[in-house]
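What follows is a set of notes on a single structure, which appears directly below.
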Amino acid sequence: MADPILKIADLAKSFGGFTALDGVSLDLRPGEVVGLVGPNGSGKTTLINVVSGLYVPTRGTVTLSGHPIHGGPPHRVVRSGMNRTFQIPKPLGSLTVSENLRVAAAHGANGRPVETDPLEVVGLAGLERRLASSLNASQQKRLDLARALVTGPRVLLIDELGAGLSPAELDDAAGTLRRLAAGGIALLVVEHLMGFLAKITSRVMVLNAGRRIFEGSLEDAVHDPQVVQVFLGG
Ligand code: ADP
Ligand code: MG
């Protein structure tokens with residue numbers, strides 16, 4: 001088995017006296033997809049924010065291709081080969097689709113060639129000259145993914161790409177993520193939609209109140225008493 005490209009070890013993040021993330025660890029190998037699952041407020045986005053360098057961790061380490069990267073700043077993490085998408089994309093609305101990509105490429109320049117057209121990959125080819133503000137929600141999510149892809153990432157952190165998409169758009173998005181993984185990119189995918197996750201991975205990590213309560217197969221997760229309790233209450 002290949003060595004992990006991303007190693008998250010004992011990661012913690014507190015905001016004042018509140019602990020949003022508490023001792024989370026995970027290894028990701030090239031081409032591997034891990035689903036990140038948990039109730040609202042369990043720390044999924046915080047994990048992405050810390051791993052991507054937006055937040056400085058209170059404790060723990062993040063290692064990308066053997067180099068410590070925790071503490072950011074985010075553009076340095078992007079240049080080291082990891083990028084993320086946002087739960088709520090915020091494109092530069094007054095710029096066109098291709099201008100948005102150019103800005104992202106300039107920030108993430110790392111000398112790695114990007115062989116495939118990111119707009120082609122996400123299904124936005126032909127919309128290059130549209131203002132980003134004129135895109136619908138699903139197109140804005142795809143632009144956000146293209147923005148990350150244009151930096152040539154080896155690791156992608158995806159925050160709720162599926163939320164709000166139609167069944168056909170979900171199928172498309174799942175196909176896109178499967179192809180990215182097949183091309184060797186490691187993916188950590190935050191998602192509530194189990195059907196969507198099942199199409200792209202069999203491995204999940206479950207968070208509750210900032211702690212990892214399960215890591216293993218999706219099939220085992222849905223039968224795990226602790227996971228069931230967290231999702232169904234009781
Ligand atoms: P999830 O993505 O799993 O829904 P989040 O990671 O967004 O959860 O949030 C986890 C907890 O951390 C929530 O209680 C949230 O209010 C808190 N939190 C997240 N970011 C901040 C912040 N910047 N300042 C204070 N609290 C935060
Ligand atoms: Mg979130």
Would you calculate the convex hull of the Cα atoms in segment 79-234 and tell me its volume per residue in Å³? 125
Shape box of segment 11-82 [Cα atoms, principal axes, largest first, Å]: 32, 24, 17
Computed over the Cα atoms, what is the radius of gyration of segment 139-209 divided by 2.2 N^0.38 Å, N being its residue count? 1.07
How big is the dipole moment of segment 27-120 about its Cα centre under a simple scheme where the beta carbon of each Lys and Arg is +1, that of each Asp and Glu is -1, and everything else is neutral? Debye, nearest 20, please. 380
Scan around VAL189 for amide H atoms under 5 Å from its own, H built in the peptide plane at 1.01 Å from N, and keep only partners 5 or more places away or cross-chain. VAL34, GLY35, LEU36, ILE158
Given 20 °C and 1.002 mPa s, compute D for segment 1-156 with the Stokes-Einstein relation, Rh being the Kirkwood radius over Cα pairs; round to the nearest whole µm²/s. 130
So SER25 and ASP220, fully extended at 0.36 nm per residue minus their Cα-Cα distance, gain in nm 68.3 nm
Diffusion coefficient in µm²/s returned for segment 72-121 by Stokes-Einstein, Kirkwood Rh over C-alpha pairs, 25 °C and 0.890 mPa s, is 202
Summing +1 for each Lys or Arg and -1 for each Asp or Glu, what net charge is found among the other residues whose Cβ lies under 15 Å from the Cβ of PRO73? +3
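With an 8 Å Cα cut-off and a minimum separation of 6 or more residues, compute the relative contact order for segment 1-135 in percent.
Once divided by the residue count of segment 1-135, the mean separation gives 21 percent.
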Which value, in debye to the nearest 20, gives the size of the charge dipole of segment 189-234 about its Cα centre, when Lys and Arg are +1 and Asp and Glu are -1 at the Cβ? 120
Sorted by packing (mean other beta-carbon atoms within 10 Å per residue), highest first, where do 195-204, 90-99 land? 195-204, 90-99
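Every number in this text was worked out from the coordinates using simple rules, so none of it is lab data. Note that this is a predicted model, so its numbers are computed, not measured. Note: ideal-geometry Cβ built from the backbone for every residue, glycine included; neighbour counts use all protein chains shown.
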